Amino acid sequence: MNKKDRYAAAQALIGISVFLLIYTYFFYSTYQTIPGLAESWSVALLLSMTAVLAGLLIELSRFWGWVIEVKINVDLLILQGGPAAVLGLVPAPLWLQVGGHNYPYIFFADPVVTGISGVWLGVVLFRSIFNNKKIKEDLKDQKKA
């Protein structure tokens, strides 16, 4: 199996994994409810976890087949990861308890905002911690192409 076929197979695997994560969230949030007040908290936490994992997997697909090195980019982690973590990890019931149904708290509690921010947090986490490591063989392949 050549490098392009492995990359395509990895993209398909990651795409299926992201789909299964999102499907699992919707299945458990809709059909496997927990009675009482704990239901809204568990659904909100499940959404946050699902979104962050999906973002990590999406960003992992960019690095598939490369040698990865740990190289922490603190500026990216703080400037983009901080706000994304606040919006993606703070559960909706907490926003509603703090500010009621007033703007901007109702916006922060919206599941779409939580989902998008969680996915972005996963992308930023992976991007700010890992980097492609260039090795001599890759540089030779690029010069030939």
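Please give the length that would be gained between F19 and I116 if that part of the chain were fully extended, namely 0.36 nm times their separation in residues minus their C-alpha to C-alpha distance (nm, one decimal). Mind showing how you got there, number by number?
Numbers: separation 97, 0.36 × 97 = 34.92 nm, distance 1.50 nm.
That works out to 33.4 nm of additional length.
So how do T24, T50 rank on accessible area, 1.4 Å probe, biggest first, that is with the largest at the start? Mind showing how you got there, number by number?
On the way: T24 60, T50 15 Å².
Sorted by accessible area, descending: T24, T50.
Grab the beta carbon distance between I129 and H101, set R0 = 35 Å, and tell me the FRET efficiency rounded to 0.05.
Working: r = 37 Å, r/R0 = 1.06.
Computed FRET efficiency for I129 and H101: 0.40.
Taking all protein chains as shown and a probe of 1.4 angstrom, F19 keeps an accessible surface of around 130 Å².
Using a Förster distance of 30 angstrom, determine the FRET efficiency expected from the C-beta separation of L79 and D5, and round it to 0.05. It would help to have the intermediate numbers written out before the result.
Numbers: r = 38 Å, r/R0 = 1.25.
E between L79 and D5, to the nearest 0.05, is 0.20.
The values are calculated or read from the model by the stated rules, or taken from the named source; none is laboratory data. Just so it is clear, the structure is predicted and the values come from calculations on it, not from any experiment. Methodologically, a virtual Cβ is constructed for each residue, glycine included, from the backbone with ideal geometry; neighbour enumeration extends over all protein chains shown. In case anyone asks, the SASA skips ligands and DNA or RNA and just uses the protein heavy atoms, side chains included. Shrake-Rupley method; radii C 1.70, N 1.55, O 1.52, S 1.80 Å.
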